[in-house]
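The values are calculated or read from the model by the stated rules, or taken from the named source; none is laboratory data. Predicted model, so just to flag it, every value in this text is computed and none were measured. Here the Cβ is made from the backbone with ideal geometry for all residues, glycine too, and neighbour counts use every protein chain on show.
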Amino acid sequence: MAGNALNIAVYPGDGIGREVIGIARAALDALEAGLGGFKLTYEEHAAGAAYYRTSGEEISEASMKAAHTADAILLGAMGLPDVRLPDGREIAPHLRMRDELGLFAGVRPVKAYPNTPRRLLDERAANIDLIVLRESTEGLFYSRTFGEVIGDEEARETLRITRPTTEKLFDVAFKLARGRKAKGGKGLVTCVDKANLFRAYAFFRKIGFERAALNPDIQFATNYVDAQALDLIRRPWDFDVLVMENMFADILSDLGGGLVGGMGMAPCAELGEAHGLFQPAHGSAPDIAGQGKANPTATVLSAAMMLDWLGERHGVPKLIEAAAILEKAVEDGFTTRALRPMEFGGDQGSADYARALLELIAQTLGR
Ligand code: ATP
């Protein structure tokens, strides 16, 4: 922290990332001006597919360094399907950030807001409120830069689970469950794996049990990933914190986004021991980019997670308060139908949504 200000490195990225980041920034500015008690400064950096097209690199070393030195990172979305590295992979400098900054814990809330499309007929779907905790530096993503294709006959990737990262991951899971329990949550951590068939997942689960023994105030359960996919449709309201390997979580967190309306409702905090990156769980959505149709909710809620994390980390209660105000403004907005994103057939493009959100923030601050 320089003086009293906390420095935020902002990477708008590609497609709708550029559109939704501006709205989150406006909300953050309104909270800072209206509430006081904290100061955030922002530095914007180029990175991603559009930047690669002009520069030939995914991210410059200076922009990467900024991610290392910032107090937090706010990111839109990176990558475009038609812009590829020579080996065919999409441009994804945020994955390099995960690795370099040790962002092992991807916290992905899946929460049903009022008046958003209920994908399940069961009334209890209104109570969906869970977290997919994604290990984000290992698992099947470990070999993504060096998976091999042997001749034209065979391809191999390596799944990696390490004890230190898995221990830290479960500790984050239990901490999250404890914090949620204090606010009326279930206090339940579920380890999602495929321990019946793979040694790596059995190892993951074993470490889960070891950490569970150190956290007796929180219930611990296990579920195979295929059964978990079924249960996320059958009874998602029964879960609290689901912790799992990188690829499983990549898939199930999109399922989670779908359960509560769509990817525009899926925020994400990627946390390490020394760094935090906050971004919507969705991609650059090239199908709607440039049309002003994106639902900014996921990014706005990611910004709220950033405020909360910074507040706790730096001992600034006003930041935690600002996070709560932003979450309340969003919740109220959906409850009263003041927020009506086009993603669900609403009449608000991103600009109208932004105006309504700023009004809601002003109202919440004024109470
Ligand atoms: P990635 O692999 O980078 O996560 P993706 O290819 O899975 O990206 P997304 O960019 O997340 O795809 O988009 C998936 C679908 O969800 C698209 O139809 C897109 O338009 C829609 N979508 C994603 N985010 C939003 C949003 N914020 N508002 C409205 N629609 C969205």
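Listed by position, the helices (runs of 4 or more DSSP H) enclosed by region 1-100 that each have at least 1 residues that are within 15 Å of the ligand (Cβ to nearest atom) and in contact with a helix residue (DSSP H, G or I) (Cβ under 9 Å, 6 or more places away or on another chain) are 16-35, 49-55.
Please work out if residue 289 is near the ligand (Cβ under 10 Å from one of its atoms), out of contact with any Leu (no Cβ under 9 Å at 6 or more places or on another chain) and either at pLDDT 95 or above or among the small types (Gly, Ala, Ser) (or both). No; evaluated as a whole, the condition is false for this residue.
Criterion applied to 180, 144 was being assigned by TED's automatic domain parsing to the domain that holds residue 245, of a type in the set (Lys, Arg) and more than 27 Å from residue 259 (Cα to Cα), and the one residue passing it is 144. Against the test of being at pLDDT below 95 and within 15 Å of the chain's Cα centre (by Cα), the options 256, 276, 262 yield a single qualifying residue, 262.
In region 264-283, is there at least one residue being touching a helix residue (DSSP H, G or I) at 6+ places or on another chain (Cβ under 7 Å) and in a helix (DSSP H, G or I)? The answer is yes, given that some residue of region 264-283 is touching a helix residue (DSSP H, G or I) at 6+ places or on another chain (Cβ under 7 Å) and in a helix (DSSP H, G or I). For region 287-324, enumerate the residues that are under 15 Å from residue 348 (Cβ atoms) and among the charged types (D, E, K, R). Once the filter is applied, which keeps residues that are under 15 Å from residue 348 (Cβ atoms) and among the charged types (D, E, K, R), region 287-324 yields only 293.
State yes or no: is residue 298 modelled with pLDDT of 95 or more and more than 10 Å from the ligand (Cβ to nearest atom)?
Numbers: modelled with pLDDT of 95 or more: yes; more than 10 Å from the ligand (Cβ to nearest atom): no.
When the stated conditions are applied, residue 298 does not pass them.
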